[in-house]
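Here the structure comes first, spelled out in C-alpha cells, and everything after it is commentary.
The values are calculated or read from the model by the stated rules, or taken from the named source; none is laboratory data. Note that the coordinates shown come from a computational prediction; the quantities given were computed from them, not determined experimentally. Quick reminder, even Gly has a Cβ in these numbers, built from the backbone with ideal geometry, and neighbours come from all protein chains shown.
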Amino acid sequence: MPIMRHTMTVAIMESWYKVGFVFSEADARAKAVKLQNEYSRIFVKHRCPKDALVFTDREHNAQHYDYYFSPGAMRIAGPLVLSSGGVPCARPDRNQVTLAVGSIHCVERVLPGQHD
C-alpha cells in the first residue's frame with residue numbers, strides 16, 4: 001500500500017483545495033479565523049514559500065465563506081486543510097478571490113490571468 005499512499009499524497013499536493021464555512025453553524029467564524037491563523041504560522045515556519053498562497057472569496061457572503069488553498073499551500077499544510085474539511089476544487093477565478101495569506105507579488109505566479 002505505500003505506493004497508493006504516495007500517489008494520493010502527490011495528488012493532494014498538486015491540487016487546489018477549498019474549505020468552506022457556513023456561518024449559521026456554531027463557532028464557524030471562530031473556526032475560519034483559527035484556520036487562517038494556523039495556516040499563517042505554518043507559512044512563516046516554512047519561510048513563506050512563494051507558491052503557498054491562500055485566497056478567500058472577494059465578495060463576502062454573510063452566510064458562507066470559502067478559503068482556497070493553492071497546491072503549494074497543500075504541500076506545506078495538507079494535514080491542516082484536510083482536517084479542516086478541505087475538499088478538492090477547481091482553481092478559483094482570480095477575479096472572484098482575494099489574497100488571504102502570502103505575498104501579493106506572487107499572485108500572478110499562482111493564479112495567472114487578468115485581474116480587474
Check your understanding: Is there any pair with a first residue in region 17-35 that is in contact (Cβ under 8 Å) with a residue 60 or more places away in the chain and closer than 12 Å to residue 61 by Cβ and a second that is surrounded by 11 or more Cβ atoms within 10 Å (Cβ to Cβ) and not small (Gly, Ala, Ser) whose Cβ atoms are under 6 Å apart and which are 6 or more apart or on different chains, and what are they?
Key -> 20/66
Practice item. Go through the residues of region 88-102 one by one and say whether even a single one is surrounded by 13 or more Cβ atoms within 10 Å (Cβ to Cβ), free of Cβ contacts under 8 Å to residues at least 24 places away in the same chain and touching a Phe, Trp or Tyr at 6+ places or on another chain (Cβ under 9 Å). Key: yes
Exercise for review: Would you mention how many residues in region 12-68 are of a type in the set (A, V, I, L, M, F, W, C) and part of a strand (DSSP E or B)?
Suggested key: 6
Review point. Out of the residues in region 1-19 that are modelled with pLDDT under 85 and of a type in the set (S, T, N, Q), which is surrounded by the most Cβ atoms within 10 Å (Cβ to Cβ)?
Key: 9
Review point. Among the residues of region 46-70, which ones are charged (D, E, K, R) and free of Cβ contacts under 8 Å to residues at least 24 places away in the same chain?
Key: 47
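Being surrounded by 11 or more Cβ atoms within 10 Å (Cβ to Cβ), among the β-branched types (Val, Ile, Thr) and touching a strand residue (DSSP E or B) at 6+ places or on another chain (Cβ under 8 Å), is that true of even one residue in region 69-79?
Just the residues of region 69-79 that are surrounded by 11 or more Cβ atoms within 10 Å (Cβ to Cβ), to begin with: 69-79.
Checking which are among the β-branched types (Val, Ile, Thr) leaves us with 76.
If we keep only those that are touching a strand residue (DSSP E or B) at 6+ places or on another chain (Cβ under 8 Å) too, we end up with none.
Scanning region 69-79 turns up no residue that is surrounded by 11 or more Cβ atoms within 10 Å (Cβ to Cβ), among the β-branched types (Val, Ile, Thr) and touching a strand residue (DSSP E or B) at 6+ places or on another chain (Cβ under 8 Å).
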Check your understanding: Within the group 33, 22, which residue is modelled with pLDDT under 95, over 30 Å from residue 108 (Cβ atoms) and either surrounded by fewer than 14 Cβ atoms within 10 Å (Cβ to Cβ) or among the basic types (Lys, Arg) (or both)?
Key -> 22
Point to revise | Identity of the residue in region 53-68, within 12 Å of residue 100 (Cβ to Cβ) and in contact with a helix residue (DSSP H, G or I) (Cβ under 9 Å, 6 or more places away or on another chain), that ends up surrounded by the fewest Cβ atoms within 10 Å (Cβ to Cβ) | key: 58
